[in-house]
Amino acid sequence: MPVSWKDSGLRWYWVAGFAFVADQLSKLWVLANFELSETVQLLPFFNFTYVRNYGAAFSFLSDAGGWQRWFFTVIALGFSTLLTLWLRKQSHTLWRTNLAFTLVIGGALGNLVDRLYHGYVVDFLHFYWQSYHFPAFNIADSAIFIGAVLIIWDSFKPQKASVVSQDSLK
């Protein structure tokens with residue numbers, strides 16, 4: 001078990017902070033510059049479209065009557081706490097796992113702030129092809145997705161912690 005935060009996965013917590021700040025700043029920009037449902041086409045397959053998501057991924061449970069807000073709040077806090085405890089127990093050299101956990105934490109906390117402050121999550125990244133539209137999402141969702149992919153990758157191809165000698169730290 002790592003001795004200090006410098007030797008543990010907590011050293012990677014800056015990634016969670018970066019994902020959180022990038023997510024919140026982007027959402028503040030959208031809220032300041034877009035009306036609800038306003039769309040700006042940037043590419044033939046990509047728009048900025050401001051929408052509100054009262055549920056989770058793909059608007060899951062968005063019409064559940066309000067209880068889902070608190071359910072997803074508990075889930076975000078629970079997973080963030082659990083992943084933080086796991087980060088504390090693993091080596092800082094497990095870059096893929098530490099990166100994955102901190103991306104999930106940053107994304108979960110970014111969407112948590114939206115749920116608590118607004119009662120919904122601000123989404124605005126909208127990809128489509130012809131008449132096929134992927135649900136809008138945000139930077140927090142992207143961080144969670146990338147973190148989840150890294151966790152799955154790690155489950156098939158686990159990393160081994162590098163052993164760092166005390167002499168090399170001096």
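Readers should treat all values here as calculations from the given coordinates under stated rules, not as data from a laboratory. On a predicted model such as this, the values are computed, not experimentally measured, just so you know. Note: ideal-geometry Cβ built from the backbone for every residue, glycine included; neighbour counts use all protein chains shown.
List of remarks:
- Taking Lys and Arg as +1 and Asp and Glu as -1, the other residues whose beta-carbon sits under 15 Å from that of ILE139 total -3.
- Amide H to amide H, with H built 1.01 Å from N, HIS92 comes under 5 Å of SER8, GLY9, counting only residues 5 or more places away or on other chains.
- Simple spin-label estimate for TRP86 and PHE156 gives 1.8 nm between the two label positions (7 Å along the Cα-to-Cβ direction from each Cα).
- Distant-in-sequence amide contacts of GLU38, defined by a placed amide H-H separation under 5 Å and a gap of 5 or more residues or a different chain, comprise TYR50.
- Taking 7 Å steps out from each Cα toward its Cβ at TYR132 and GLU38 produces label points 3.1 nm apart.
- Whole-Hz ³J(HN,Hα) from phi, Karplus 6.51 cos²θ - 1.76 cosθ + 1.60, for the stretch 119-133, glycine and proline x: x, 8, 9, 7, 10, 7, 8, 10, 9, 7, 9, 6, 9, 9, 10
- Computed log₁₀ I(q)/I(0) - Debye formula, equal Cα scatterers, no solvent, the stretch 72-166, q 0.11, 0.21 Å⁻¹: -0.41, -1.04
- With θ taken as phi - 60° and the Karplus curve 6.51 cos²θ - 1.76 cosθ + 1.60 applied, the whole-hertz 3J(HN,Hα) list for the stretch 78-83 is x, 5, 5, 5, 4, 5 Hz, x standing for glycine and proline.
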